[in-house]
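The structure under discussion appears below in the form of structure tokens.
The values are calculated or read from the model by the stated rules, or taken from the named source; none is laboratory data. Since we're looking at a predicted model, the values are computed, not measured. Neighbour counts are summed over all protein chains in view; Cβ atoms, including those assigned to glycine, are modelled from backbone coordinates with ideal geometry.
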Amino acid sequence: MSKADARKAAQRIKTLRAELLRHDQLYFVEHNPEISDERYDELMHELRALEAAHPELVTSDSPSQRVGELPIEGFDHVRHAVPMLSIDNTYSPDELREFDQRVRKLLEGEPYTYIVDPKIDGVAVSLRYEDSQLVLGATRGDGVTGDDITQNLRAIRSVPLRLSGEDWPAVLEVRGEVYWPRTGFDRTNEQRVASGEEPFKNPRNATAGTLKQLNARVVAPRGLAFQCHGFGQIAPPLTDVEAYAELIARIRDWGIPTSPHERRCNDIDAVIAFVDEWNAQRSTLDYDTDGLVVKIDRLDQRETLGRTSKAPRWCIAYKYAAEQATSRVLSVDFQVGKLGTITPVANLEPVELAGTTVRRASLHNFDQVRRLDLHLGDVVRVEKAGEIIPQVVGVDANARDKKAKPIKPPTACPVCAGEVVQDENGVYLRCINPACDAQIIERLRFFCARGQMDIEGAGIKLVEALVRAGLVHSYADIYRLHEKRDELLELERMGEKSVDNLLAGIAASKERPLSRVVAALNIRHVGSNTAELLSEHFGDIDALCATDIETLQAVDGVGPEVANSLHTWLHSETGQATIADLRDAGVNLTQPRDESAAAASQALAGKTFVVTGTLAKYKRSEIEALIKQLGGKTTGSVSKKTDYLVAGESPGGKLEKARKLGVTVLTEADFDALIGSN
């Protein structure tokens, strides 16, 4: 290619990036799109094609680079530069007036105004920009420490990878909510149902689950969105900004989405009027809100008001009462879960609640049934707070028929008629027959699901069909289905292509690491994080099985309850038979390790690294993976606990902070010398 052609390509790439960023701002920030989604996709396709032809021109902040090539192994913990505090709640106008009285007293007669924002029912996150580039995205966690989910947040189109506009500070940390717009959520659920998968229960929980994915390629197509409602560290401080309204306008100018419904209120009466007004409006939005956040506008007054140990004194959340409706209990079903838990579910006369027709409501457990004193035919109050699963919260005993029969727990499993027992010191009733079909279906569904063995095509409908057809009763039976191709073809909605895809997905799942297998085995108290800790520590299933309870507890993050549950399962007849069957079926039972790297050095053991800037030899993901292989740990922000900062070109504010804290700064060559690399 000639130099002229190369210059022309570079200029077109620059133009496309600028155009796409402008359209992102128009769509997400100004809510005034100029082009269709199809045209946007055409521009993105052109940019990706040009970047593929000119990889030397690819930059990390290009709109095409939202999703990384490889999944991550797990989430690092990061400490927030400024704590992400919770907010106190209030539920009545009188409580709002009490809040206002406290503010007036503490401000000693100073005039003040409020800014009121809708409270999105999403997942709180923090975005950190250094020298205009997104360098860290984290969950709230416990308010002090959260999970580094930068890779997943980069996959959300409304999160800018680089700030636009001008005059942004060297460090800008904004806080806000990630949420799933209702139209996209409903569309995804329709697709899941059509493919035989279980639909997501509600947008907020589905958003939280999506942000926990270790592969941003899962996050990107779901269409999550971000909206800013606050800030953390800003350095240097913006001395010309006196009020939150001014600051949020700047943040909006820098390309970060903010609420278009923000309202300034001069007094508490105006706040209460907006509370009443918003209750009617909020149902028209494409996302869920459960209230409003009321906050003092002037930033110096926020400093004066200060905070308690848990929450700021300058803001409060007004929560609308949970929506309720009245219905009648027609019958009660008993559902059996994957651990044998029997959950009572009320079948109701259909009733409209929170925009949907409700026919079933959870009763949670039999202690709750006893507290409610629930009888068949009772008139009940049903609540659906925050778009969660409907639940029965009250009974009108005065409307009860004298002949109504109380709801009693089953004396045998409603599915297999096996023995049921109450949890010791617990509230749950369980079927203890491991061969119960209901448990088998739930266990197999969980085993096949994404995040465990991730077997494509093996949704709940297919699993039910496989069990009822007698084709599968254990995990290992899944890996024998290639011997039963003819029987698979006889199942409803299973043609040649569907069967081929299923068998290919099953074959691929054999290579999953041990951590995924342990998580999929449905061992009580052993979730995916614990499974990963244990698998990384012990390396293979034989070492795990040979370990005693005390050694299990010595693994960081494994407590007595987890250790006892795991040890009991591993040494049970069921556990040993399951492991032997999976081994015979050819399922991988080891955790992959880079033995050459591990053997080369453990010089980084116990050391914490932060990587910043552009490196010549390594991609960010590569050097962080190498640090972990050599026993080190990586985080996204510099603190007193950081041992080394590896700094490439354009290191941003992290380099300055490292020097102030006395953290050892390494060049790329210094790092290679430290690990003994040529």
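Observations on the structure shown:
- Yes/no for T530 being under 30 Å from I440 (Cβ atoms) and either at pLDDT 80 or above or touching a Lys or Arg at 6+ places or on another chain (Cβ under 6 Å) (or both): yes
- Matching option when the condition is in a helix (DSSP H, G or I), modelled with pLDDT under 90 and closer than 29 Å to I441 by Cβ, among V562, V517: V562
- Some residue of region 122-144 being touching a Cys at 6+ places or on another chain (Cβ under 7 Å), on the phi < 0 side of the Ramachandran plot and not polar (S, T, N, Q): no
- Within region 167-204, considering residues that are of a type in the set (D, E) and closer than 29 Å to V293 by Cβ, the one surrounded by the fewest Cβ atoms within 10 Å (Cβ to Cβ): D167
- Failed item, numbered, when R493 is tested on (1) in the same structural domain as A458 (by TED's automatic domain parsing); (2) exposed (fewer than 14 other Cβ atoms within 10 Å of the Cβ); (3) modelled with pLDDT of 90 or more: (3)
Let's see how each residue does on (1) more than 21 Å from D584 (Cβ to Cβ); (2) surrounded by 20 or more Cβ atoms within 10 Å (Cβ to Cβ):
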residue: I478; (1), (2): no, yes
residue: N501; (1), (2): yes, no
residue: V517; (1), (2): no, yes
residue: L521; (1), (2): no, yes
residue: L552; (1), (2): yes, yes
residue: V555; (1), (2): yes, no
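- With respect to the stated conditions, Q301 is surrounded by 16 or more Cβ atoms within 10 Å (Cβ to Cβ) and in a helix (DSSP H, G or I).
- The number of residues in region 457-480 being in a helix (DSSP H, G or I), under 20 Å from A577 (Cα atoms) and hydrophobic (A, V, I, L, M, F, W, C) comes to 3.
- For first residues located in region 107-126 and assigned by TED's automatic domain parsing to the domain that holds R204 and among the β-branched types (V, I, T), partners that are in a strand (DSSP E or B) and modelled with pLDDT under 90 and lie 6+ apart or on another chain with Cβ distances below 9 Å form the pairs I120/T289; I120/D290; V125/G146.
- Taking the criterion of being over 22 Å from L96 (Cβ atoms) and among the aliphatic types (A, V, I, L, M), the residues of region 249-284 that qualify are A249, I251, I256.
- Of all the listed residues (D121, D117), the sole one being crowded, with 20+ Cβ neighbours inside 10 Å, closer than 30 Å to T239 by Cα, touching a strand residue (DSSP E or B) at 6+ places or on another chain (Cβ under 8 Å) and not small (G, A, S) is D117.
- Residue in region 89-111 that is buried (at least 20 other Cβ atoms within 10 Å of the Cβ) and not in a helix (DSSP H, G or I) present: no
- Members of region 304-318 that are part of a strand (DSSP E or B) and crowded, with 16+ Cβ neighbours inside 10 Å: P312, C315, I316, A317, Y318
- Whichever residue in region 79-111 is over 18 Å from T308 (Cβ atoms) and among the small types (G, A, S) and, among such residues, is modelled with the lowest pLDDT: G109
- Just one residue in the set A321, A346, A325 is surrounded by 14 or more Cβ atoms within 10 Å (Cβ to Cβ), closer than 30 Å to P118 by Cα and not hydroxyl-bearing (S, T, Y); that residue is A325.
- Among the residues here, H364 does not qualify as within 30 Å of E424 (Cα to Cα) and at pLDDT 90 or above.
- R22 being at pLDDT 75 or above, within 21 Å of G165 (Cβ to Cβ) and of a type outside the set (S, T, N, Q): yes
- Cβ-Cβ distances below 7 Å connect the following pairs, each with a first residue in region 516-528 that is within 17 Å of Q439 (Cα to Cα) and aliphatic (A, V, I, L, M), a second residue that is at pLDDT below 90 and not in a helix (DSSP H, G or I), and a separation of six or more residues or different chains: A519/Q452; A519/G527; A520/Q452.
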